[in-house]
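Written below as structure tokens is the structure these notes are about.
FYI, it's all coordinate maths here, none of it is from the lab. All values derive from a computational prediction rather than experimental measurement. Backbone-built Cβ (ideal geometry, glycine too); neighbour counts: all protein chains shown.
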Amino acid sequence: MRLSRYFLPVLKETPSEAQIVSHRYMLRAGMIKQASAGIYSWLPLGYKVLRNIEAIVHEEQQRAGHIPMLMPTLQSADLWRESGRYDAYGPEMLRIRDRQDRDMLYGPTNEELITDIFRSHVSSYKDLPLTLYHIQWKFRDEIRPRFGVMRGREFLMKDGYNFDLTKEDALHAYNRHLVSYLRSYERMGLQAIPMRADSGPIGGDDTHEFLVLAETGESEVFYDSEITDLKFGDRAIDYDDHAQCRAVLEEFTSRYARTDETHDEALFNQVPEERRRTARGIEVGQIFYFGTKYSEPMGATVQGPDGQAVPVHMGSHGIGVSRLLGAIIEASHDDRGIIWPEGVTPFHCGIVNLKSGDEAADAACRSIYDSLTALGLEPLYDDTDDRAGAKFATMDLIGLPWRITVGPRGLKNGVVELTSRRTGTSEELPPEQAVERIA
Ligand code: ATP
Ligand code: MG
Ligand code: MG
Ligand code: MG
């Protein structure tokens with residue numbers, strides 16, 4: 001992409017309404033624009049990162065054997081009356097009436113809708129196990145929308161639902177989700193720690209939240225510092241292997257790690273004192289096992305091997321896709337701007353032409369651009385005639401992992417400058433070598 005043809009409305013001033021760094025940088029980098037309280041338009045740069053995060057979530061869910069689909073944002077109140085949650089959910093639910101006077105709502109989550117789909121089409125245990133998921137906009141009328149996309153009212157969530165014949169199978173689905181979430185967050189360059197949590201309005205017995213440690217996080221967390229040494233990495237996993245998935249769950253949840261909702265001072269005090277940590281965290285996902293809480297009242301049963309109808313065991317599993325942009329920036333930035341992890345970056349490399357209009361500089365930039373593109377990488381080429389200082393400031397703000405700076409002086413010596421956004425170090429190299437370094 002050439003910057004002169006792109007839409008990147010960078011702000012010079014720091015917007016006064018933004019209280020935390022991720023919100024400030026997302027506004028300044030022209031990634032989002034508030035449409036109304038807690039509701040955002042996703043401008044091209046923000047949209048690109050959102051799509052990258054979504055792509056990782058899709059890949060990892062499908063790797064775990066979960067099946068993508070799409071449910072609507074607007075739902076009928078009747079289904080929620082069946083589960084009893086229409087009244088129980090409270091003022092966070094946006095209730096809408098259509099012209100026929102039917103009660104509708106903008107879905108804050110989808111347990112009822114998916115259970116209705118399930119009971120309409122599945123009647124035998126032979127069709128289980130089944131896990132369906134979608135990535136769709138949700139609406140929750142948060143009392144205090146704030147921090148930009150971190151606590152929006154409209155936000156993008158991946159929510160998945162497992163249907164199983166037995167509790168044991170449903171707990172395997174729970175463990176599978178835990179594994180797939182660990183992988184997903186690591187691919188985004190994040191450490192998200194599973195912590196024992198409270199089930200809230202979803203209900204249920206077993207639940208873990210995934211928290212990214214950050215000073216600006218809204219949850220208070222208590223953990224054993226050993227947990228931050230754990231990495232999932234690129235170990236092979238067979239998602240059908242119950243024991244293997246359970247071992248990962250045990251490895252990642254056996255040390256003390258809880259949010260304020262479930263914190264137990266006496267248990268925490270059993271952790272050696274030098275390993276006890278109190279910090280703040282951002283909730284980027286949560287998994288639940290809730291048994292037959294929805295299947296029973298809504299009649300989602302299957303015929304078991306013995307011919308008897310039994311309610312299915314279910315769980316639901318969410319990832320805060322749009323919140324993740326904020327969480328990643330909170331975890332990865334400096335005082336000049338964002339530092340995108342490679343896995344989610346909107347462009348792989350910035351190309352800065354120090355003298356647009358200079359024949360040699362223009363030609364070198366075009367050739368670097370073409371080489372990167374041929375390698376399947378996406379460069380952002382600043383071909384404008386802005387001052388060099390302004391170009392560097394924009395590149396630093398939008399946080400691409402690499403920058404190649406091209407000027408007539410370097411070219412006379414056959415070199416360009418390659419700069420790493422994360423380390424800040426620069427090297428002079430022939431253009432082909434700079435390209436190789438990135439690939
Ligand atoms: P929170 O405690 O932050 O209000 P939640 O526990 O109500 O979140 P869940 O029902 O667990 O949220 O939804 C799954 C995920 O959706 C959360 O882990 C979070 O990452 C994301 N999420 C929830 N509410 C919001 C919101 N208002 N804005 C952006 N993302 C959200
Ligand atoms: Mg909430
Ligand atoms: Mg929560
Ligand atoms: Mg939650």
Note on R153: of the conditions (1) under 28 Å from V312 (Cα atoms); (2) within 16 Å of ligand 3 (Cβ to nearest atom); (3) not hydrophobic (A, V, I, L, M, F, W, C), unmet is (1)
Scanning segment 389-406 for residues that are out of contact with any helix residue (DSSP H, G or I) (no Cβ under 6 Å at 6 or more places or on another chain) and not in a helix (DSSP H, G or I), the one surrounded by the most Cβ atoms within 10 Å (Cβ to Cβ) turns out to be G399
Subset of segment 242-262, residues away from ligand 1 (no atom under 16 Å from the Cβ), among the aliphatic types (A, V, I, L, M) and under 23 Å from the mean Cα position of the chain (by Cα), comes to V248, L249
Taking segment 95-118 and keeping residues buried (at least 17 other Cβ atoms within 10 Å of the Cβ) and either assigned to a strand (DSSP E or B) or over 28 Å from the mean Cα position of the chain (by Cα) (or both) leaves L105, Y106
Open item on the list: G376 - would you say it is closer than 22 Å to S332 by Cβ, small (G, A, S) and under 29 Å from the mean Cα position of the chain (by Cα)?
Closed with: no
Expected single match for in contact (Cβ under 8 Å) with a residue 60 or more places away in the chain and closer than 27 Å to S120 by Cβ among G281, G318, G337 is G318
>> Yes or no: segment 156-177 includes at least one residue that is within 13 Å of ligand 1 (Cβ to nearest atom), aromatic (F, W, Y), in contact (Cβ under 8 Å) with a residue 40 or more places away in the chain and not in a strand (DSSP E or B).
In response: no
Of the residues in segment 204-241, those that are in contact with a strand residue (DSSP E or B) (Cβ under 9 Å, 6 or more places away or on another chain), among the β-branched types (V, I, T) and away from ligand 4 (no atom under 16 Å from the Cβ) come to T216, I227, T228
Filter segment 230-276 for residues that are charged (D, E, K, R) and assigned to a helix (DSSP H, G or I); the one that is nearest to Q191 (Cα to Cα) is E251
